[in-house]
Amino acid sequence: MREWLNRTGLRGINLVCQDWGGLIGLRLVAERPHLFSRVVAANTGLPTGDYPLGEAFMAWRRFSQETPELPIGRIIQSGCLSPLPPEVVAAYEAPFPDESYKEGARIFPSLVPISPDDPAAEDNRRAWESLGRFDRPFLTAFSDGDPITRGGDALLQSLIPGARGRKHVTIKGAGHFLQEDKGEELAAVVVDFIRGS
């Protein structure tokens with residue numbers, strides 16, 4: 001993503017990041033804050049391994065490593081509070097014709113730092129140092145039904161200067177994949193934030 005960002009020459013970026021979009025995107029914001037006009041963070045974070053991530057994440061991590069077949073569509077459905085139409089579940093499965101295509105999805109949970117000496121922990125700590133100086137508009141739009149990232153919004157709000165004094169949003173009735181549960185509501189939050197900042 002860093003190389004893509006370098007090649008595109010983008011400026012004035014409005015980043016909306018959820019889940020792994022935050023682990024990747026917030027590092028980019030930290031490395032090149034001058035490229036970003038504003039950020040909306042939804043059900044995401046930037047773990048350093050210095051604090052436990054909770055049983056819900058650890059159960060997901062174990063499952064991703066131990067299950068012989070990784071049911072991508074069912075995983076997305078289980079992270080939602082509302083039922084997804086069969087064609088949406090099928091669309092999530094479509095890029096993975098067989099298990100050999102799922103190695104990236106399978107490995108992602110093990111790349112999240114769960115101990116202070118994790119290889120990615122120091123890079124994430126450096127990112128937090130930079131984000132601690134990010135004073136451009138920063139909004140959290142977390143859901144009320146995500147056991148994995150619950151409370152992460154308060155951390156972002158307290159540590160990132162651009163988040164202070166904002167009217168942060170909690171999207172009700174949504175799980176981890178709030179873009180599926182409440183996509184129109186999340187989109188409205190993003191549009192209002194961009195217009196108002």
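The values are calculated or read from the model by the stated rules, or taken from the named source; none is laboratory data. Everything quoted here is computed from the prediction, not taken from an experiment. We place every Cβ from the backbone using ideal geometry, glycine too, and count neighbours over all the protein chains shown. What goes into the accessible areas is simple: the full protein's heavy atoms, side chains included, and nothing from ligands, DNA or RNA. Shrake-Rupley method; radii C 1.70, N 1.55, O 1.52, S 1.80 Å.
Numerical summary
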| item | result |
| --- | --- |
| Wholly within segment 118-197, helices (runs of 4 or more DSSP H) carrying at least 1 residues that are within 22 Å of Gly79 (Cα to Cα), touching a residue at least 12 places away in the same chain (Cβ under 8 Å) and in contact with an Asp or Glu (Cβ under 6 Å, 6 or more places away or on another chain) | none |
| Selection within segment 94-110 - of a type in the set (A, V, I, L, M, F, W, C) and free of Cβ contacts under 8 Å to residues at least 60 places away in the same chain | Ala94, Phe96, Ala105, Ile107 |
| Of residues in segment 174-188 being open to solvent by 40 Å² or more (accessible area, probe 1.4 Å) and either touching a helix residue (DSSP H, G or I) at 6+ places or on another chain (Cβ under 6 Å) or not acidic (Asp, Glu) (or both), the one nearest to Pro47 (Cα to Cα) | Gln179 |
| Qualifying residue in segment 81-93 (condition: among the β-branched types (Val, Ile, Thr), free of Cβ contacts under 8 Å to residues at least 40 places away in the same chain and out of contact with any Phe, Trp or Tyr (no Cβ under 7 Å at 6 or more places or on another chain)) | yes |
| Set Ser64, Ser37: member being modelled with pLDDT of 95 or more, under 24 Å from Ser158 (Cβ atoms), surrounded by fewer than 18 Cβ atoms within 10 Å (Cβ to Cβ) and among the hydroxyl-bearing types (Ser, Thr, Tyr) | Ser37 |
| Number of the exception - Leu53 against (1) under 24 Å from Thr170 (Cβ atoms); (2) under 13 Å from the mean Cα position of the chain (by Cα) | (2) |
| Residue match in segment 109-131 (condition: acidic (Asp, Glu) and within 18 Å of Asp153 (Cα to Cα)) | yes |
| Enumeration of residues in segment 26-67 that are in contact (Cβ under 8 Å) with a residue 24 or more places away in the chain, assigned to a loop (DSSP other than H, G, I, E, B) and farther than 27 Å from Leu139 by Cα | none |
| Scan of segment 68-94 for residues that are open to solvent by 80 Å² or more (accessible area, probe 1.4 Å), of a type in the set (D, E, K, R) and either closer than 15 Å to Phe177 by Cβ or outside any loop (DSSP other than H, G, I, E, B) (or both), ordered by number | Arg74, Glu87 |
| Conditions (1) assigned to a helix (DSSP H, G or I); (2) over 24 Å from Glu55 (Cα atoms); (3) open to solvent by 80 Å² or more (accessible area, probe 1.4 Å): number failed by Pro97 | (1) |
